[in-house]
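Just so you know, all these numbers are worked out from the coordinates, no wet-lab data involved. These numbers were taken from a predicted model, which means no experiment stands behind them. Here the Cβ is made from the backbone with ideal geometry for all residues, glycine too, and neighbour counts use every protein chain on show.
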Amino acid sequence: MSNEANRGEKTIQEPAYKLSLTDSVDEMTVRLLVDAGIGPGMRVLDVGCGSGDVSLLLAKLVGTEGHVTGIDRDGPSLEMARERVRKHHLSNITFIKGDICAISPGPGPFDAAVGRRVIMYLPEPVDAIRKIAAQLRPGGVVAFVEHDATMAPGRLKPLPLQEQVSGWIRKTIEYEGADIHIGFNLPLLFEQAGLTVEHVRAEAIIQTPRTQYPTAAIIRAMFSRIIKAGVATEEEIDLETLEQRLLDERVKANSIYVSDMVFTVWARKPDPE
């Protein structure tokens, strides 16, 4: 890898101020949950909860009179989620280990079921959505956040490193079986599962010379998966310098980069006739 300092070149400095986009997807998620009507006293199922990011957001919305049940099949992620709940002294979240495609009729009925970056990984999404909806009371809400690569990347000036790194993510999850065009398909999948779609929205993840998005952290978390998929080598990724190189490229080009689109969709389980 090149090293500007060793070549005696001036290293590009960060701007005088820098905003954070780290929580931008969380903000999009909260907007979805609030607009879908999730609030105090509700019982909510967090589908594919992982380490509990969305569960923690839900816990604030439903309050002490409500309850959040997170389900995931990955044991280590659930242990991390439980530790976060203990750290925050929360009593309105429960985590259970299980396959979301084989949910038993046990924990419901719920007022709502939500998930983030879940449907894109399911081989039979319509069947899974039906099983999720079966856990809801009549009139219950299904609300999901899914990333979509159809319209990304977006830029006016060449940003080859940004595009390369985004490509590593997209190619890896596609190799693992994810539908990277799920956003465009999601409303149709909900309808095929018998739900009534109430709203569809798409928002862009925009990176500028004065903002940062945790792209390097995402690559670090996905590192072994990227290597396994044969998408990039350890030398190409160069984790220790990646975040700075990404920022330097945007600063030098003085340009913004649209790295992803986030689709948020909510629907309702019809009342029985």
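Taking the listed residues R82, R130, R86, R170, the one that is under 28 Å from E198 (Cβ atoms), of a type outside the set (A, V, I, L, M, F, W, C) and not in a loop (DSSP other than H, G, I, E, B) is R130, with no other qualifying. Every condition in (1) free of Cβ contacts under 8 Å to residues at least 12 places away in the same chain; (2) within 16 Å of V141 (Cα to Cα) holds for M42 except the one numbered (1). It is to be established whether one or more residues within region 187-200 are under 20 Å from P153 (Cα atoms) and either outside any helix (DSSP H, G or I) or not basic (K, R) (or both). No, region 187-200 contains no residue that is under 20 Å from P153 (Cα atoms) and either outside any helix (DSSP H, G or I) or not basic (K, R) (or both). Selection of first residues in region 223-236 that are touching a residue at least 12 places away in the same chain (Cβ under 8 Å) and of second residues that are surrounded by 15 or more Cβ atoms within 10 Å (Cβ to Cβ) and part of a loop (DSSP other than H, G, I, E, B), restricted to Cβ pairs under 8 Å at least 6 apart or on distinct chains, gives the following pairs, ordered by first then second residue: I226/A232.
Scanning region 191-207 for residues that are out of contact with any strand residue (DSSP E or B) (no Cβ under 8 Å at 6 or more places or on another chain) and buried (at least 16 other Cβ atoms within 10 Å of the Cβ) returns a single hit, A193.
So which of L188, L239 ends up being touching a helix residue (DSSP H, G or I) at 6+ places or on another chain (Cβ under 7 Å) and surrounded by fewer than 14 Cβ atoms within 10 Å (Cβ to Cβ)?
Values: L188 fails: touching a helix residue (DSSP H, G or I) at 6+ places or on another chain (Cβ under 7 Å).
That would be L239, the only listed residue that is touching a helix residue (DSSP H, G or I) at 6+ places or on another chain (Cβ under 7 Å) and surrounded by fewer than 14 Cβ atoms within 10 Å (Cβ to Cβ).
In this structure, A253 qualifies as surrounded by fewer than 21 Cβ atoms within 10 Å (Cβ to Cβ), small (G, A, S) and more than 18 Å from the chain's Cα centre (by Cα). In region 151-192, which residues are basic (K, R) and over 18 Å from the mean Cα position of the chain (by Cα)? If the condition is that a residue be basic (K, R) and over 18 Å from the mean Cα position of the chain (by Cα), then R155, K157 are the ones that fit.
Residues are listed down the side, and each one gets a yes or a no for (1) out of contact with any Gly (no Cβ under 8 Å at 6 or more places or on another chain); (2) within 30 Å of T241 (Cα to Cα):
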residue: P138; (1), (2): yes, no
residue: V141; (1), (2): no, no
residue: P160; (1), (2): yes, yes
residue: I169; (1), (2): yes, yes
residue: A178; (1), (2): yes, yes
residue: I182; (1), (2): yes, no
residue: E198; (1), (2): yes, no
residue: E203; (1), (2): yes, yes
residue: A217; (1), (2): yes, yes
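Within region 91-145, restricting attention to residues that are at negative phi and basic (K, R), the residue that is surrounded by the most Cβ atoms within 10 Å (Cβ to Cβ) is R116.
The residues in region 50-71 that are within 17 Å of V141 (Cα to Cα) and not in a strand (DSSP E or B) can be counted, and the count is 8.
Residues in region 133-143 that are in a loop (DSSP other than H, G, I, E, B) and either farther than 14 Å from G108 by Cα or of a type outside the set (A, V, I, L, M) (or both): Q135 alone.
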